Amino acid sequence: MRTTFLPSCSVSLRALHGKAAAGVGGGRSRRGSSFCFCSQEEAARGGDEEERGPVGRRAALVASGLCLVPGVVLGFPRHGLAEAVVKQGLLAGRIPGLSDPDDKGWRTYRRPDEKSGGHGVGWSPIIPYTFKVPGGWEEVPVSIADLGGTEIDLRFANPQEGRLFVIVAPVLRFSDAIGDNAKIEQIGTPEKVINAFGPEVTGENVEGKVLRTQVADYLGRKYYQYELEPPHVLITATAAGNRLYLLGVTANGLQWKRHYKDLKQIAESFRVV
């Protein structure tokens with residue numbers, strides 16, 4: 001494995017984000033496929049609320065979906081998360097994709113070839129991807145009606161530790177000249193990719209908020225890895241076939257402090273097979 005460390009991004013977000021959007025098939029609207037948290041202030045309050053317990057109007061708003069900005073939240077309503085994880089195990093025809101735990105209790109998820117829902121409907125087959133999660137993390141239901149948009153392919157969560165999501169997006173969003181064997185370096189530099197997708201992940205400008213950027217190489221495929229300041233999120237992105245693959249791991253303030261090492265390991269374990 002070869003890893004290259006890069007300085008934090010300082011390129012103008014608005015300029016590069018505009019260029020990326022302009023390259024999407026004749027100016028196709030991105031409204032239906034944007035991803036975002038609520039506000040940074042709400043995310044920052046998450047750690048305090050974890051200690052005080054669920055209270056107040058915000059919890060009710062999250063549960064009812066009223067705090068969603070257009071496009072939506074990459075987190076889960078606190079009150080509905082445990083229930084969603086339980087329900088997932090009861091879904092008819094569910095294809096698990098999780099391995100047995102290793103000697104440390106970690107399991108490997110591999111996207112089943114037969115998996116449908118999310119971004120898998122109406123597209124050519126998705127190249128399988130894998131990542132590792134500690135014990136207690138479970139898949140959460142995703143469908144084409146997911147509030148995060150059709151580019152959300154998968155969600156996982158542990159109510160005590162955090163949440164993750166996988167975005168699978170067509171490279172046509174960036175350019176129509178890349179073809180069907182895309183490499184992430186063809187899409188752009190690490191700065192361009194985070195400037196294009198960062199605002200969709202966090203819901204706000206990411207300029208000056210990228211704490212760490214590095215490029216890792218596994219079996220000839222490059223992966224861009226990022227750590228963003230609050231709202232806390234770790235992102236790993238790569239490209240394969242005609243799609244961009246992006247895994248994001250997020251947590252509230254208290255979860256971030258307690259489980260940062262595991263959250264980072266989850267993000268860095270992401271691979272496209």
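Any read-out appearing in this document is the output of simple, stated calculations on the displayed coordinates, not a laboratory observation. Quick caveat: nothing in here was measured; it's all calculated off a predicted structure. Neighbour counts are summed over all protein chains in view; Cβ atoms, including those assigned to glycine, are modelled from backbone coordinates with ideal geometry.
Summary table
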{"read-out": "Close pairs (7 angstrom Cβ cut-off, 6 or more residues apart or separate chains): buried (at least 17 other Cβ atoms within 10 Å of the Cβ) in the stretch 214-231, basic (Lys, Arg) and not in a loop (DSSP other than H, G, I, E, B) anywhere", "value": "Val215/Lys222; Tyr226/Arg212; Glu227/Arg212"}
{"read-out": "Residues being of a type in the set (D, E, K, R) and assigned to a loop (DSSP other than H, G, I, E, B) - total across the stretch 202-250", "value": "4"}
{"read-out": "Selection count, the stretch 147-183, where residues are surrounded by fewer than 23 Cβ atoms within 10 Å (Cβ to Cβ), in contact with a helix residue (DSSP H, G or I) (Cβ under 8 Å, 6 or more places away or on another chain) and farther than 20 Å from Val233 by Cα", "value": "5"}
